[in-house]
Amino acid sequence: MNIPTLKDTFDLDLFFNLTPDLVCIAGYDGFFKKINAAVSKTLEYTDEELMGRLISSFVHEDDRAITAKTRNQIIIRDNKPLIDFENRYITKSGKIVWLAWTSIPIESDQLVFAIAKNITARKKLEEQKRIADILSKSALKNKLATSETEEQYSMADQLWLSKFEVLVRKYATGFDLNILMLSNELALSERQLFRRIKTIMGVTPNQYIRIIRLQLAAEAIESGKFRTVAEISYAAGFETPGYFSKLFKEIYDVNVKELL
């Protein structure tokens, strides 16, 4: 009597490729050995490109040191599973992607099995909430209200905020962007739009637009395509470079000129 094997009853390769999480097998030499479709889709490189370069070359420059240190800990010193390690990767088109990794080293084969969740949307919401707290001057109140559990947003709220953000980014460089325009695009009254954003983010729609524009400015600086404060200001939709510089300093605690 033949006993069915796992391979007979379940196609592991099919599962490997269809799972929406990023799944990979990496060697102790620092190269990918096998990746699923989600890895190439998320990072925008072909399998050949991803497997032909050191994994560290895809990691955000500011996260390479801590990533290397953590990698050395799990494969050299501790040889124990790594849970929920977060770092940033840069896609082929230059976008930043946040990933949360769980990795298991297999010393006998000199391999690391890893799975990662794309937490970029969550990180963006956390950053937007941080800026919202500063703009609304309610950071202390919100900190006390959420001291034990991180504030959670429903999927519907996240999708709606994402739709709102797409619209703001679409019209960001136009100084005539206004709430009425956005309300019409979203098929809501101005009052409904105000209440929904206030309920979710704790700020007014105009403040939330400033949050998105500040993130646009940060992305513009990161791209290295702009050379002056005025260029960054106008690219993000701020009419006055002076006001933009003051707001940027308040939010990020750094003079924007120092980043150019």
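For the range 152-178, the set of residues classified as in a loop (DSSP other than H, G, I, E, B), open to solvent by less than 70 Å² (accessible area, probe 1.4 Å) and under 29 Å from PRO241 (Cα atoms) consists of ALA172, GLY174, LEU177, ASN178, listed by residue number.
Figure legend. Inter-residue proximity from the range 48-75: first residues over 22 Å from GLU222 (Cβ atoms), second residues open to solvent by 30 Å² or more (accessible area, probe 1.4 Å) and not hydroxyl-bearing (Ser, Thr, Tyr), beta-carbon distance below 6 Å, spacing 6+ or different chains. Indicated pairs: THR70/PHE85; ILE74/LEU82.
Within the range 224-260, the residues that satisfy the criterion of being of a type in the set (A, V, I, L, M, F, W, C) and either under 17 Å from ARG169 (Cβ atoms) or in contact (Cβ under 8 Å) with a residue 40 or more places away in the chain (or both) are PHE226, ILE232, ALA235, ALA236, PHE238, PHE244, ILE251. Within the range 179-206, track down each residue that is among the polar types (S, T, N, Q) and open to solvent by less than 30 Å² (accessible area, probe 1.4 Å). Across the range 179-206, the qualifying residue is only SER183.
Cβ separations smaller than 9 Å between residues 6+ apart or across chains give the following pairs from the range 76-97 residues that are loosely packed, with under 13 Cβ neighbours inside 10 Å and at pLDDT 85 or above to residues that are of a type outside the set (Phe, Trp, Tyr) and in a loop (DSSP other than H, G, I, E, B): SER93/GLU44.
The values are calculated or read from the model by the stated rules, or taken from the named source; none is laboratory data. No experiment lies behind these values; they were computed from the predicted model shown. Here the Cβ is made from the backbone with ideal geometry for all residues, glycine too, and neighbour counts use every protein chain on show. Heavy atoms of the whole protein, side chains included, go into the accessibility calculation; ligands, DNA and RNA do not. Shrake-Rupley method; radii C 1.70, N 1.55, O 1.52, S 1.80 Å.
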